Every structure is written in C-alpha cells, then in structure tokens.
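Colleague: Take this structure, written in structure tokens, and hold onto it; I'll ask about it next.
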Amino acid sequence: MVNGANASKKDLEVLIDKLDRLIEDYGIEEVAADYLLGQTWIDDCEEVVTQCQPTLVKNDWKTIKGADAIHAVVADRARTQQLATLDNGFKSLRGSVSPFVLWDVY
C-alpha cells in the first residue's frame, strides 16, 4: 500500500528500483538458495564441526555445533570472507570464512 491505497505498477517499479540501488550500495550479493543448499551441504556442515578445535573463552570451552555449522557453510558458499557474530563458539571456525566476533571488537 502507498498512501493508504493499493500500490500502482509504477509505484512498485519505483520501490523495486530503490531496493535494487540500496542492495547495490551496500554491496549485497544475491545468491540462489539452490546453490547455497545443494546436495552436499549436510556433509559440508559435518566437516565444519569436525574441523573445529574447541577454544577456551573465559574459562569455558566453545566450539561450533549444528546450527552454527549451517551458518558457516552458507557463508562459505556465498563466498563471504568473514562471518559477523556475537557467538564466541565461532572462534573455533576454520576454513575460508573467518569469524568476526563482535564482542572482541566493540
């Protein structure tokens, strides 16, 4: 809705154009879900978990588990260099994606 009425085709085109420019300005890349979650993604998640070595963080051992591994694999397949997180478990992440633990920076 635009101004309380259904959006016209022109309104939608303007909004889509603004969104496209925003995505381009922020450097966001669109990647197909079929590519990100292909046949081997479960094996890749298992590999992420088994490659990680537990890391000691404030007297507590942290490591990557199931959901964390999914995030890491999706980030890798999207060809990201760093994965921003508040989860100290990602400090044990190994491979092409580096953890960017926000607690350590801010």
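Colleague: Please list, in chain and number order, the residues 5+ apart from Phe100 or on another chain whose amide H is under 5 Å from its amide H, with Hs placed from the backbone.
Modeller: The list, which skips near neighbours in sequence, is Leu83, Ala84, Thr85.
Colleague: State the volume of the convex hull built on the alpha-carbon positions of region 32-105, expressed per residue in Å³ and rounded to an integer.
Modeller: Spelled out: Cα convex hull of region 32-105, divided by residues, is 78 Å³.
Colleague: Sticking with this one: If the cut-off is 30 Å between C-alpha atoms, which lysines fall inside it for Lys9, apart from same-chain ones fewer than 8 positions away?
Modeller: Correct list for Lys9: Lys18.
Colleague: Can you work out ³J(HN,Hα) from phi for every residue in region 87-102, in order, using Karplus 6.51 cos²θ - 1.76 cosθ + 1.60 and θ = phi - 60°, giving whole Hz and x for Gly and Pro?
Modeller: Values, residue by residue: 8, 5, x, 6, 4, 8, 5, 10, x, 7, 9, 8, x, 10, 7, 4 Hz.
Values quoted throughout were computed directly from the atomic coordinates according to the rules given, and no laboratory measurement underlies them. This structure is a prediction, so every number in the text was calculated from the model and none was measured.
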